[in-house]
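Encoded as structure tokens, the structure appears first; notes follow it.
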Amino acid sequence: MSASGVLSFTQQGWEQVLAKVKRAVVYLDSACAESLHWGCGSTRLLEAVGGPDCHLREFEPDAVGGGAKQPKAVFVLSCLLKGRTVEILRDIICRSHFQYCVVVTAVSHAVHLTANHVPAAAAAEMEGQQPVFEQLEEKLCEWMGNMNYTAEVFHVPLLLAPVAPHFALTPAFASLFPLLPQDVHLLNSARPDKRKLGGLSDVDATALTPELLLQIRCLVSGLSSLCEHLGVREECFAVGSLSRVIAADLANYAPAKNRKKTAAGRASVVFMDRTLDLTGAVGHHGDNLVEKIISALPQLPGHTNDVMVNMIELTALQTEEENCNVVAPGCLAQSNDTTAKALWEALLNTKHKEAVMEVRRHLVEAASRENLPIKMSMGRVTPGQLMSYIQLFKNNLKALMNHCGLLQLGLATAQTLKHPQTAKWDNFLAFERLLLQSIGESAVSVVLNQLLPMIKPVTQRTNEDYSPEELLILLIYIYSVTGELTVDQDLGEAEEKVKKALAQVFCEEPELSPLLQKITDWDSSINLTFHKSKISVDKLFTSLRDIAGARSLMKQFKSVYVPGNHTHQVSRPHPSDYPVLILFVVGGVTVSEVKTVKDLVASLKPGTQVIVLSTRLLKPLNIPELLFATDRLHPDLGF
């Protein structure tokens, strides 16, 4: 099995799609677009479509239909073909002139049967048949207006966005996040006639909402396809309550039974709940350039894992802010540029200082190859120095095109190095180190009292002070790193002071950010009273206490050794038993964590192939967004 299994899995899937898109109008949803973006690049799709016009469109209710000279459409969707998704399909087709429609879904037919409440026994008898897809094909012809037109519906497992040969993300599951104790109360309220769940340790598949269970099954279907591509029979392990449900579903996934019987290889698949350690996700101790880039630069629209790189420096336009939207942004994913891809993988695997030097080296070599008048300079890499190299390419179209991917990564680096957020990164790191020292020596109440003077209303804040969102990041860090709390009067009083200060800050914000709108359930601070704000902050602290207790269930996992005697040693499977280790972090992962996993396995178990998968690439601000989300139990599945 090749080391780039996640990449070949993704590219093989997209080749099946590309074989269908010639001279077609192609509609993609955001998750599939992100898989394409990292796996093949949009250029590959445009080449396969052919023709002078660009016919790529976002799959949405207001999407433009096909004109009289556009008889063919291909829809590439990450979700179930059901409900609202089918309604959007119908509306687009009905306002078009299509005579040939292809619908590709990343969700297997077996899961469509589950979504349509077909019993497992009946589904097993349908092996080889695809009635749900066949019924939709008939509907497509009906909407096109002629039953003799051509319609195809089929499944391709477009699960992954491969960031590196050993690391991939699942864009369609970016919002999937482990459960908290407060979610148990909500689950209990929905099952009045059943036995109450005592806590997260009691949660199993039967306790979850139908939407969340179906979301898990969609993920499991894709992971089973990945294991088939890798040629392995998987042994599933789990750490955390939601991971336990996912691992059990993959282990018992009925359509995979025949695959497991014939698979030549073996693999460990370890699922892990992000909530067991949020410190690594919100902390700033990861000495990695890519983490700083994704924290500093704005998110690429429609994406969860890439950023916008301002390309205006390579044009003749002035660098005023209003011109930034005139030029299409650059990005980090460079799937079709070998040199840029090599640099990207180096950035993922090196420390900050080495990474910026590597960027400089690549720019110098590229400029030398193009005979550009470069002036060598050694010593510390500065953003001004990088920009001086990048601007050498500005008026040389051939050189610019030859090194476009490299220039995007170079600009991303320069823009991050001079971004105010990068200077603040070091402030965060210093405060986190101080917190660690305080937590080691004092109670949490003392740490909260240290944080209190830093909670300032907007009228008193400077650029050096923490915004409300940044204060939430620090609070998550404190509660996650502390672990199980000793609840006493001092803690209660300290929390109450912090709650009141935060509630007042929220009220005085001139404009509530999307995160604060989510937390307060209020669009504007104008009508946000202190009382309403305080209720929201009280709920927020319930989540923080849930985080602190997240590892209390880990007591049963302190040892994988099962006592036995010398004549009969009881043993159980262990993740290190197999040549392939697939680690899936439910709730997101950072670049530094991926590197740590890779390095640890290489040192402790040389020869083991490691693949790290996760729902999304994390920056600190993502954690409060995921943690305080209200739809964890009821994900939007598109119907």
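The table for this structure:
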item: T339 among the hydroxyl-bearing types (S, T, Y), at pLDDT 90 or above and either in the same structural domain as C32 (by the TED database) or surrounded by fewer than 19 Cβ atoms within 10 Å (Cβ to Cβ) (or both); result: yes
item: Residue, farthest from G286 (Cα to Cα), within the stretch 351-363, restricted to residues that are buried (at least 17 other Cβ atoms within 10 Å of the Cβ) and free of Cβ contacts under 8 Å to residues at least 40 places away in the same chain; result: R360
item: Check on A238, open to solvent by 10 Å² or more (accessible area, probe 1.4 Å), on the phi < 0 side of the Ramachandran plot and touching a residue at least 40 places away in the same chain (Cβ under 8 Å); result: no
item: Options S524, S559, S543: the member that is modelled with pLDDT of 90 or more and either in a helix (DSSP H, G or I) or of a type in the set (G, A, S) (or both); result: S543
item: Failed item, numbered, when A548 is tested on (1) open to solvent by less than 60 Å² (accessible area, probe 1.4 Å); (2) of a type in the set (A, V, I, L, M); (3) within 26 Å of the chain's Cα centre (by Cα); (4) over 22 Å from N622 (Cβ atoms); result: (4)
item: Unique match (being touching a His at 6+ places or on another chain (Cβ under 6 Å) and in contact (Cβ under 8 Å) with a residue 40 or more places away in the chain) among E152, E211; result: E211
item: Qualifying residue in the stretch 481-492 (condition: in a loop (DSSP other than H, G, I, E, B), small (G, A, S), outside the structural domain of E625 (by the TED database) and open to solvent by less than 30 Å² (accessible area, probe 1.4 Å)); result: yes
item: Selected residue (only one of V107, V103, V74, V86 is among the aliphatic types (A, V, I, L, M), within 20 Å of S30 (Cβ to Cβ), modelled with pLDDT of 95 or more and touching an Asp or Glu at 6+ places or on another chain (Cβ under 8 Å)); result: V103
item: For S442: the one exception among (1) closer than 18 Å to I547 by Cα; (2) at pLDDT below 90; result: (1)
item: Test set (1) in a helix (DSSP H, G or I); (2) at pLDDT below 90 - S377 fails condition number; result: (1)
item: Count of the stretch 458-480 residues which are open to solvent by 20 Å² or more (accessible area, probe 1.4 Å) and in contact with an Asp or Glu (Cβ under 8 Å, 6 or more places away or on another chain); result: 2
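The values are calculated or read from the model by the stated rules, or taken from the named source; none is laboratory data. Please read these numbers as outputs of a predicted model, since none were measured by experiment. When we count neighbours, we look across all protein chains shown, and the Cβ atoms used for this are built from the backbone with ideal geometry, even at glycine. These accessible areas exclude ligands, DNA and RNA; they are computed on the full protein's heavy atoms, side chains included. Shrake-Rupley method; radii C 1.70, N 1.55, O 1.52, S 1.80 Å.
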